[in-house]
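The values are calculated or read from the model by the stated rules, or taken from the named source; none is laboratory data. Keep in mind the model is a prediction, meaning the values are calculated, not measured. Note that each Cβ is placed from the backbone with ideal geometry, even for glycine, and that neighbours are counted across all protein chains shown.
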């Protein structure tokens, strides 16, 4: 029972830890006169992906690779179909031109690249399918290119990717950073321990737990950010936040995770990889169906329905 309680508390502590770390680190960066754009593209962006990152680090170190894969694939699917679906029902989401033609295709490319890298058996006739350390280095190289592109776009457009940053006292900043790191470590460990225990107790796969419960839980920061942005009618922020998070998840988190421990891919995971590709493809096509570059409310409802159908399929299969 204690493990299950800590599993639930883990999500709360993990997300709060990421929030504290972002506030503390942003304050320190601001004291050194680092611009809001740079802070937003580094500290804030890394902070919103910290829950997935920490969970994957613990899962990789423990050798629970099914959980690590499920967490990332499930988060990416939930980010588009569930989170953008909910946000667009709150207020129709209109995307920026750059997001439509560059960032959404890049998230689709990331998913396609993952499908190629993780299918050695199907494509090369190899005895093993998975992400090797070489694949991890290649994914991180793509991630560096993405960061370089993001900095270039922000400088050209003058885009402010984060709200006004509060400058805290050095002591308070330090406490926020230390508290945030502690929250991430303890929360991440409790989530992984709990997920493994739940899988064993109910005799279901770690992949199913990762694709559903853990994926949705670690995507809560994106849900909160997108829902608030939709409520404030800042739809470009909501879409950019989700698409950026998906690119981070594959290029950075899966890349780094596979450097720690090569991640084997089972052929049964192909349907989840295909669903990740399909989600990005659907988002791209929606930009040209109905109102141009906009996710309308009815489209958001269809995305949520598709997500519910997918989760139902996973539960039946699991």
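What's the number of the condition residue 185 fails, among (1) at pLDDT below 90; (2) closer than 30 Å to residue 5 by Cα; (3) touching a helix residue (DSSP H, G or I) at 6+ places or on another chain (Cβ under 6 Å)? Only one criterion in (1) at pLDDT below 90; (2) closer than 30 Å to residue 5 by Cα; (3) touching a helix residue (DSSP H, G or I) at 6+ places or on another chain (Cβ under 6 Å) is unmet by residue 185, namely (3). Counting only residues that are in a helix (DSSP H, G or I) and exposed (fewer than 14 other Cβ atoms within 10 Å of the Cβ), the range 275-296 holds 1 of them. All of (1) in a helix (DSSP H, G or I); (2) under 30 Å from residue 236 (Cβ atoms); (3) in contact with a helix residue (DSSP H, G or I) (Cβ under 9 Å, 6 or more places away or on another chain) hold for residue 314 with one exception: (2).
Of everything listed in (1) out of contact with any helix residue (DSSP H, G or I) (no Cβ under 9 Å at 6 or more places or on another chain); (2) crowded, with 19+ Cβ neighbours inside 10 Å, the single unmet condition for residue 203 is (2). The condition of being assigned to a helix (DSSP H, G or I) and surrounded by fewer than 19 Cβ atoms within 10 Å (Cβ to Cβ) holds for only one of 137, 106, 81, that being 137. Selection within the range 247-266: residues that are surrounded by 18 or more Cβ atoms within 10 Å (Cβ to Cβ) and in contact with a strand residue (DSSP E or B) (Cβ under 9 Å, 6 or more places away or on another chain). The member of this set that is farthest from residue 46 (Cα to Cα) is 265.
Of the residues making up the range 243-290, those that are under 26 Å from residue 124 (Cα atoms) and free of Cβ contacts under 8 Å to residues at least 24 places away in the same chain number 2.
Would you pick out the residues in the range 84-103 that are more than 23 Å from residue 298 (Cβ to Cβ) and surrounded by 19 or more Cβ atoms within 10 Å (Cβ to Cβ)? Step through it out loud before you land on a result.
First pass over the range 84-103, keeping only residues more than 23 Å from residue 298 (Cβ to Cβ): 97-98, 101-103.
Within the range 84-103, 103 is the sole residue that qualifies.
On the stretch given as the range 106-136, residues that are touching a residue at least 60 places away in the same chain (Cβ under 8 Å) and more than 14 Å from residue 250 (Cβ to Cβ) total 8. Listed by position, the helices (runs of 4 or more DSSP H) enclosed by the range 193-246 that each have at least 2 residues that are modelled with pLDDT of 85 or more and either under 13 Å from the mean Cα position of the chain (by Cα) or under 16 Å from residue 11 (Cβ atoms) (or both) are 215-218. Applying the set (1) under 25 Å from residue 264 (Cα atoms); (2) surrounded by 19 or more Cβ atoms within 10 Å (Cβ to Cβ); (3) out of contact with any strand residue (DSSP E or B) (no Cβ under 6 Å at 6 or more places or on another chain); (4) modelled with pLDDT under 95 to residue 121 leaves exactly one unmet item: (2). Farther than 27 Å from residue 128 by Cβ and at pLDDT 90 or above: is that true of residue 278 in this structure? In short, no. Considering only the range 53-73, I want to know if a residue exists there that is over 29 Å from residue 201 (Cα atoms), out of contact with any strand residue (DSSP E or B) (no Cβ under 6 Å at 6 or more places or on another chain) and buried (at least 24 other Cβ atoms within 10 Å of the Cβ). No: zero hits.
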